[in-house]
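In what follows, a single structure is set out as structure tokens and then discussed.
The values are calculated or read from the model by the stated rules, or taken from the named source; none is laboratory data. Only a predicted model underlies this, so the values are computations on that prediction, with no experimental measurement involved. Virtual Cβ from ideal backbone geometry, glycine too; neighbours counted across all protein chains shown.
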Amino acid sequence: MKVLILGSGGREHALAWAVKRSARVTDVVCAPGNGGIARMARCLPVDLKSLDAMVRLAEEERPELTIVGPELPLSLGVVDALKQRGLRVFGPTRAAAMLESSKGFAKGFLQRHQIPTGNYAVCANAHEAAKALELFHPPIVVKADGLAAGKGVLICESRHTALEAAQGLFSGKLLGETERQVVIEEFLEGDELSFLCLTDGKHVAPLAPAQDHKRIGEGDTGPNTGGMGVYSTDEMLDEGMKEWILRHIAEPTVRGMAGEGTPFVGVLYCGLMMTAKGPQVLEFNARFGDPETQAILLRLESGLVEALEACVDGRLAEAELRWAPGAAACVVASSRGYPGSYKTGFPITGLELAAKIPGVQVFHAGSALKDGQVVTSGGRVLGVTAAAASLQEALDRAYQALEEIHFEGMYYRRDIGHRALRRKA
Ligand code: AMP
Ligand code: GLY
């Protein structure tokens, strides 16, 4: 069986690694892939911003299954286009992916279906924003409506700065071309939880829970990034809470999308804030999280391909996901300067030694192969991931592996998992 994975990050490396474990899979193609993926699968160039290019590639390769990693191809409608051509593809249609691609749509949907989320207002211009802001108390969250790769969220300490933030968004480049909207939200307080589920449009199967670390600096300081590390343990979510989230958030979302004529098939990633009043939806993503996937898939014992096929074929109810007990953690090694500007092209050494540490997988995010040598090519370079019986051991293994790895300007947070460890202490 041939599987095509669209994407080029750590998530796609982890997907390729998990897919390859299935005995039925004989050929893994990743487009465009990266330096780490190229060492374990066939990588082909493709422009993920071009629907035509992705369709052409899929028609040439004719994979039995295509897995779409990032949000952009989903929002362009790559799933619709491949399905029209008779190809099997895992991911939501363009209409269903609006749960991620439009925050205004997601908020309206949550309200229509009485799914817990913070108060909000969608504004089409600065005048509307000024009016809406009268109803909010600081801190106030101001967001660009469309996909903004984590850069479109501003937390403001006063109405005045919130209005300035909204004005900045209206006059800047982060808003989409067609629907230029800004979403104003109530600030929610608590621990964040990434609750990802597989769904076939009807049934929902939760993945192992995870917690991301979005800020660049230790102690959760500094600017937001795509994610600097993540951990997953069973203890972070007890059975009762898991059931509650399924019943009040994940299942009503899947039911609601089907009821509105846009069934959601793929990964429904519920970004939750565990507030004093209970879990509230911060945002949805319509895909596997990055770097959540790296840690989650290290804990998956049953076959990934089989589970994804069950989603595509509408028989998830029959599928069984089995998870390794214990924990997994992923620590991201980034280029100095990220999430601002940074240099690339530096050789990465020590990857073989790191991979020898038990339970460790080094997933590449921003790397390239140049004359046989792996070099840095992005802001987030590696996701050093480890599984073990406990979170402390998983973290120890990941950090031990990082000791072996070197590239110029390598930076990583030394406090991944700190909240969970502190709670235990
Ligand atoms: P988003 O792109 O919507 O996931 O937002 C990125 C990050 O901003 C989230 O992971 C939160 O840390 C923070 N954030 C977003 N919305 C809120 C909110 N309403 N209250 C508090 N923090 C938020
Ligand atoms: N880790 C957050 C995301 O994938 O959006």
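What to note about this one:
- Hits in the range 205-216 (condition: in a strand (DSSP E or B) and away from ligand 2 (no atom under 13 Å from the Cβ)): Ala205, Pro206, Ile216
- Selection of the range 280-317 for residues being farther than 18 Å from Leu6 by Cβ, over 19 Å from the mean Cα position of the chain (by Cα) and in contact (Cβ under 8 Å) with a residue 24 or more places away in the chain yields Gly303, Glu306, Ala310, Asp313, Gly314, Arg315, Leu316, Ala317.
- Number of residues in the range 402-416 that are in contact with a strand residue (DSSP E or B) (Cβ under 7 Å, 6 or more places away or on another chain) and under 11 Å from Ala333 (Cα atoms) equals 9.
- Criterion violated by Gly219 - all others in (1) in contact with a Leu (Cβ under 9 Å, 6 or more places away or on another chain); (2) assigned to a loop (DSSP other than H, G, I, E, B) satisfied: (1)
- Among the residues here, Gly259 qualifies as more than 21 Å from the chain's Cα centre (by Cα) and either acidic (Asp, Glu) or surrounded by fewer than 19 Cβ atoms within 10 Å (Cβ to Cβ) (or both).
- Applying the condition of being of a type in the set (Gly, Ala, Ser) and over 17 Å from Val25 (Cβ atoms) to the range 299-327 and asking which residue is surrounded by the fewest Cβ atoms within 10 Å (Cβ to Cβ) yields Ala317.
- Residue pairs whose Cβ atoms lie under 8 Å apart, sitting 6 or more positions apart in sequence or on different chains, and linking a residue in the range 210-224 that is of a type in the set (Val, Ile, Thr) to a partner that is in a loop (DSSP other than H, G, I, E, B) and surrounded by 19 or more Cβ atoms within 10 Å (Cβ to Cβ), are Ile216/Thr225; Ile216/Met228; Ile216/Tyr338; Ile216/Pro339; Ile216/Arg413.
- With a requirement of 1 or more residues that are under 18 Å from Leu297 (Cβ atoms), the strands (runs of 3 or more DSSP E) lying completely within the range 310-425 that satisfy it span 327-335, 360-364, 380-388.
- Residue that is modelled with pLDDT under 90, within 15 Å of ligand 1 (Cβ to nearest atom), closer than 30 Å to Thr233 by Cβ and touching a strand residue (DSSP E or B) at 6+ places or on another chain (Cβ under 6 Å), where the choices are Gly150, Gly118: Gly150
- Figure legend. Inter-residue proximity from the range 335-352: first residues at positive phi and surrounded by 14 or more Cβ atoms within 10 Å (Cβ to Cβ), second residues assigned to a helix (DSSP H, G or I) and at pLDDT 95 or above, beta-carbon distance below 7 Å, spacing 6+ or different chains. Indicated pairs: Gly350/Glu404.
- Conditions (1) over 21 Å from the mean Cα position of the chain (by Cα); (2) within 16 Å of ligand 2 (Cβ to nearest atom): number failed by Asn119: (2)
- The listed residues are Cys270, Cys311, and the only one of them that is among the hydrophobic types (A, V, I, L, M, F, W, C), closer than 28 Å to Thr117 by Cα and either at pLDDT below 95 or more than 16 Å from ligand 2 (Cβ to nearest atom) (or both) turns out to be Cys311.
- Residues within the range 237-279 that are outside any helix (DSSP H, G or I), more than 16 Å from ligand 1 (Cβ to nearest atom), touching a residue at least 24 places away in the same chain (Cβ under 8 Å) and within 21 Å of Arg322 (Cα to Cα), tallied: 3
- Qualifying residue in the range 97-110 (condition: away from ligand 2 (no atom under 16 Å from the Cβ), closer than 20 Å to Gly271 by Cβ and either assigned to a strand (DSSP E or B) or more than 21 Å from the chain's Cα centre (by Cα) (or both)): yes
- Restricting attention to the range 39-87, the residues that are more than 23 Å from the chain's Cα centre (by Cα) and assigned to a loop (DSSP other than H, G, I, E, B) add up to 6.
- One residue from Gly222, Gly261 being away from ligand 2 (no atom under 16 Å from the Cβ), at positive phi and modelled with pLDDT under 95: Gly222
- Here Asp290 clears all of (1) under 23 Å from Gly118 (Cα atoms); (2) within 16 Å of ligand 2 (Cβ to nearest atom) except the condition numbered (1).
- Selection status of Lys173, out of contact with any Cys (no Cβ under 9 Å at 6 or more places or on another chain), at pLDDT 90 or above and of a type in the set (Lys, Arg): no
- Taken over the range 87-104, residues that are hydrophobic (A, V, I, L, M, F, W, C) and either in contact with a Leu (Cβ under 7 Å, 6 or more places away or on another chain) or more than 30 Å from Arg247 (Cβ to Cβ) (or both) amount to 4.
- Yes/no for Val182 being within 16 Å of ligand 1 (Cβ to nearest atom), touching an Asp or Glu at 6+ places or on another chain (Cβ under 7 Å) and closer than 26 Å to His127 by Cβ: yes
- Test: Leu298 is in a helix (DSSP H, G or I), at pLDDT 95 or above and either in contact with a Lys or Arg (Cβ under 8 Å, 6 or more places away or on another chain) or away from ligand 1 (no atom under 16 Å from the Cβ) (or both): yes
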